[in-house]
1. Residues of segment 36-79 being farther than 18 Å from LYS92 by Cβ and in a helix (DSSP H, G or I), which ones?
2. For segment 139-177, enumerate the residues that are in a loop (DSSP other than H, G, I, E, B) and more than 8 Å from the ligand (Cβ to nearest atom).
3. Is at least one residue of segment 28-43 closer than 28 Å to LEU154 by Cα and in contact with a Pro (Cβ under 9 Å, 6 or more places away or on another chain)?
4. Among (1) modelled with pLDDT of 95 or more; (2) under 17 Å from LEU254 (Cα atoms); (3) surrounded by fewer than 10 Cβ atoms within 10 Å (Cβ to Cβ), which single condition is PHE6 missing?
5. On the basis of being closer than 19 Å to ILE198 by Cα, in contact (Cβ under 8 Å) with a residue 24 or more places away in the chain, within 11 Å of the ligand (Cβ to nearest atom) and surrounded by 18 or more Cβ atoms within 10 Å (Cβ to Cβ), does VAL124 make the cut?
6. For segment 119-159, enumerate the residues that are within 15 Å of ASP181 (Cα to Cα) and among the β-branched types (Val, Ile, Thr).
7. Let me spell it out: the conditions are (1) away from the ligand (no atom under 11 Å from the Cβ); (2) within 30 Å of GLY36 (Cα to Cα), and ILE205 meets all of them except one. Which number is the exception?
Amino acid sequence: MACFTFSIVISAVLVGDNAGARIYAKMQAKSCEQVGIAYELKEFSDDISEAGLLGEIQKLNDDDSVDGMILQMPVPEHINARTIQAGIAPKKDVDGVNPANLGRVVMGHPEGAPCTAQAAVRLVEETGIDLYGAEVVVVGHSEIVGKPVALLLLDKFATTTVCHIGTSDVGMLEEHTTKADILIVAVGVPGLIKGDMIKPGAAVIDVGINRVKDPESGKSKTVGDVAFDEAVEVAGIITPVPGGVGPITTAMLLHSTLLAAKA
Ligand code: NAP
């Protein structure tokens, strides 16, 4: 029997010494190791210019041994992340941040979507709920989560409503969230969604990752955008934070890298 082996390489670009970005990189490296993907961390000092960083990205674009690339966020203030993201070759953009890949999502190609958006939708699919005509509410309209999630679900014929700061500011958030059979929250506000804002039995996907101080212990802890203790009493299905969308996002990154390598 013939046996084929090939190596898959992902390059992660880290600019400066942001603690959060370094933690993400460590987690990604560990997951890659578990599945046999080579993870190369490319570190640059925080005084690299935007043009200099674009040049480094171009080198990775031209390097045939590199299958996929991720820009770790955040980048220093003098660097425009969108400019750098646009510089990543679409075929190596395994994080789905290049405008071409986001545009392809609009055209019905889900494989180029940002990994977090893919993870949220995958979790929705795993609930087994029939999405055809289902009432889905997405809270948050960022380019990497809310907007692509809404587009991906529209393509599955879910009745998709997107809420954002304007919805909250006019006091209409609860009006929408309580109608949702599936509620996806990606905002970055700890505990924004309370138990009484959830339709009984709904599936709740909490994308938020927020560091807060525990009032009892005084220690920092990670929480989502949904008040979990209240929500778990009302929801039919709910993802925890940590341990919910986060690990699936990493799995989607590995999947996208595999697809990029195969392509
Ligand atoms: P973002 O770019 O800051 O977007 C947040 C969105 O929430 C914006 O659309 C904002 O509206 C909206 N918003 C803010 N306050 C609101 C309120 N009170 N009511 C309703 N909408 C409100 O954030 P993001 O990158 O999408 O990330 C969102 C959360 O997901 C963060 O906690 C982040 O850490 C987490 N995240 C998790 C993963 C993962 O793998 N699990 C990956 C990425 C992000 P405006 O723009 O109009 O103000």
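1. If the condition is that a residue be farther than 18 Å from LYS92 by Cβ and in a helix (DSSP H, G or I), then GLU50, ALA51, GLY52 are the ones that fit.
2. ASP155, LYS156, PHE157, ALA158, VAL170, GLY171, MET172
3. If we filter segment 28-43 for residues that are closer than 28 Å to LEU154 by Cα, which is where we start, we get none.
Within segment 28-43, not a single residue is closer than 28 Å to LEU154 by Cα and in contact with a Pro (Cβ under 9 Å, 6 or more places away or on another chain).
4. So PHE6 meets the others, but not (1).
5. no
6. VAL121, VAL124, THR127, ILE129, VAL136, VAL137, VAL138, VAL139, THR159
7. If we test ILE205 against (1) away from the ligand (no atom under 11 Å from the Cβ); (2) within 30 Å of GLY36 (Cα to Cα), just (1) comes out false.
The values are calculated or read from the model by the stated rules, or taken from the named source; none is laboratory data. Please read all numbers here as calculations on a predicted model, not as lab measurements. Virtual Cβ from ideal backbone geometry, glycine too; neighbours counted across all protein chains shown.
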